[in-house]
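The values are calculated or read from the model by the stated rules, or taken from the named source; none is laboratory data. Every value quoted in this text rests on a predicted model; they were computed, and no experiment measured them. With ideal geometry, Cβ positions are generated from the backbone for all residues, glycine too; neighbour counts draw on all protein chains shown. Ligands, DNA and RNA are excluded from the accessible area calculation, which covers all protein heavy atoms including side chains. Shrake-Rupley method; radii C 1.70, N 1.55, O 1.52, S 1.80 Å.
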Amino acid sequence: MSCLPSNSQAASELARILRGTYGPGGTDVALSLPDGSMLISNDGATILRNLDIVQPAAQLMAALSCAQDSEAGDGTTGVVLFSSELVHRGSELVALGLHPHVVSAGFQNCLEFALETCLPQVQRPLDERCAQPHVGCRTASCEPAALDVARTALTSKTLHTHGDFFASLAVRAATIQPVGKVECVCVSGGSVVDSDLIYGVVFRRPFVYAGFHQQPTRIAHARVLLVNFELEHKHQGESSKLEIATVDQYSGFCQAEWDAFQTQLNAVIATNCHVVVSSQSIGDVATQFFAAHGVRSLGRVPHATMRRLESALSTQIVSALPRSALLRVPVGVCSEYREVDFACGDWYEMFLCDDAAPTSAGTHHAPASDVVGATANANATAGPSPRRSRVATLLLRGPADCVLEEVERSLHDAVCAVQRALVHRALVPGGAAVELHLSAMLQRAAVTLTDATRAAVMNAYADALLVIPRVLAENVAVAPLPLIVESNRAHRTASPDAPWLGVDVANKCLADMRTLGVWEPAFVKRSLLQTATQVACRILLIDEIVEVPPANWRTQPGLEPERGALNPV
């Protein structure tokens, strides 16, 4: 007996879990994790990654759906809903006598027809001004269409109440290329609207040493030295074998160690840096030495943070200081360094690299009066060439850790959506307008087919597409059937606005998505259709699930399979 009914049931159960989270009216799902903690989220990818799925077909669907999140950054829930409906419709056709290969090939043909013929009809280039920018936009240089994409991605998230603010933040973050150059730092406390995009690097204060309170905590136009060696006085003789005959020889050896350590510290000061950052330890003696010279020292900084500083400051990490004064030591420059307390019990180090920061550092030491202290005259002493940092940090604020985690996930989806739109330069209307249009076009094409089998498969694919507008309407307490009927009527009458009609969740009716400014990246929609169809076709072609016992089942008691070496499920 084929396992297709059980696979279809498993796919439907997985879709049932995510069904209520879809769209602006979606609700959250609370997951009780094995460690006893609680995870509350409406992000499909997060829910799928934390579910303990044992059914193989459901595992396949979850894995490929998460691949949609990795590739496109959004659309995971839509993949699960659409692929589950395709499996359900396909299993009905198989039950009527069609071969799974015929159904799978028919779904592939429908996908090709939808992507090559129907989708270009509602696809528009990003360069066209799809809507006017909202008044709350804080970046005048943002493209209105990119802001609309960000707002659309945030409508189904917890940040939809501050859509304009975070849409502007997402567009600014999306302009940093590549995406790995933007890092999220979550700081508990404050409101979510206290979040900001910092052009530079922000990280939690590392381990501190005695005397760090005497060092400066705010430096304008700071010269930063990145090193990858210890700045700590250690008695190397404690771990070495040394043969001495007199006390004077031991004293001379200790003095040589001290002199070498002092030479290293003086070499750091000779670089005329204001901040020295090391991935290894900086001892108490070095900290107090740097404090006496007005230099800020940070030790035990993670290597990933060191790499971000290296890229943001346009400098290099030094593994050893040169012995000759003629050799230049690379030193980076930031517009301002400061240590900030966000009233949450933790201190954070901020290296700001805004437009006024110079692109590189020479060997000239700026006067102390121009370096340490407030930055009221920072613009007057700016570097010669303005630039925007290649590294940015999203500083996220929120009242609790669970809120911060959801804010980070929501903003990540919005940033990914804007980046896909900026890279591929194509948009499609949101509000399930694409699914309604594709369904109507497929139904119209099915009528012209003379082959009843192909027509049945195409109608099944068209009906499966309607699950997206149906769930979108149901989650905002709207009857989906009248909306679908109205959309089909508009397509039958060849209305010019028919391809752009989608579900208006605010007014609970069909509306022109161009007027509402609801746009999605065409790449995300195309990837959703391709991934969902691929998942459904793979599941439809699974005829039997076999459980393979462990390799050592013959020697380990209790591991014997119930029905032979291969245990059909």
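Rolling a 1.4 angstrom probe over the protein heavy atoms with all chains in place gives segment 195-300 an accessible area of 47 Å² per residue. Here the spin labels are modelled as points 7 Å beyond Cα on the Cα-Cβ line, and at A270 and T246 they lie 3.2 nm apart. Rounded to whole numbers, the Karplus 3J(HN,Hα) couplings from phi for segment 265-276 are 5, 5, 5, 5, 5, 5, 6, 6, 7, 9, 9, 10 Hz, using 6.51 cos²θ - 1.76 cosθ + 1.60 with θ = phi - 60°, and x at Gly and Pro.
Ignoring ligands, DNA and RNA, what percent of the 1.4 Å accessible area of segment 240-334 is carbon and sulfur? Percent of accessible area from carbon and sulfur atoms in segment 240-334: 54.
Cα centroids of segment 496-533 and segment 174-234: 41 Å apart.
Counting only protein heavy atoms and using a 1.4 Å probe, what share of the accessible area of segment 406-519 belongs to carbon plus sulfur, as a whole percent?
57 percent
For the residues V485, V275, a 1.4 Å probe over the protein chains yields an accessible-area ranking, largest first, of V485, V275. Annotation: amide H of V318 within the under-5 Å range of L226, V227, N228, sequence separation 5 or more or interchain, hydrogens built in the peptide plane.
Remark: segment 1-56 carries 52 Å² of accessible area per residue (probe radius 1.4 Å; ligands, DNA and RNA excluded). Amide H contacts under 5 Å for C184: L394, restricted to partners 5 or more places along the chain or on a different chain, H placed in the peptide plane at 1.01 Å from N. Each Lys or Arg adds one and each Asp or Glu subtracts one; over the other residues with Cβ under 14 Å from the Cβ of H88, this totals 0. Converting phi to 3J(HN,Hα) with the Karplus coefficients 6.51, -1.76 and 1.60 and the offset θ = phi - 60°, segment 11-18 yields 5, 5, 5, 5, 5, 5, 5, 8 Hz in sequence order, with x at every glycine or proline.
Note on segment 1-70 and segment 263-342: Cα centroid distance 47 Å, given to the nearest whole angstrom.
Scanning residues 5 or more positions from L31 or on other chains, those with amide H under 5 Å from its amide H are L39, I40, S41, with H placed 1.01 Å from N in the peptide plane. If R0 is taken as 56 Å, the Cβ-Cβ distance between A260 and D196 corresponds to a FRET efficiency of 0.80. Each Lys or Arg adds one and each Asp or Glu subtracts one; over the other residues with Cβ under 9 Å from the Cβ of L394, this totals -3.
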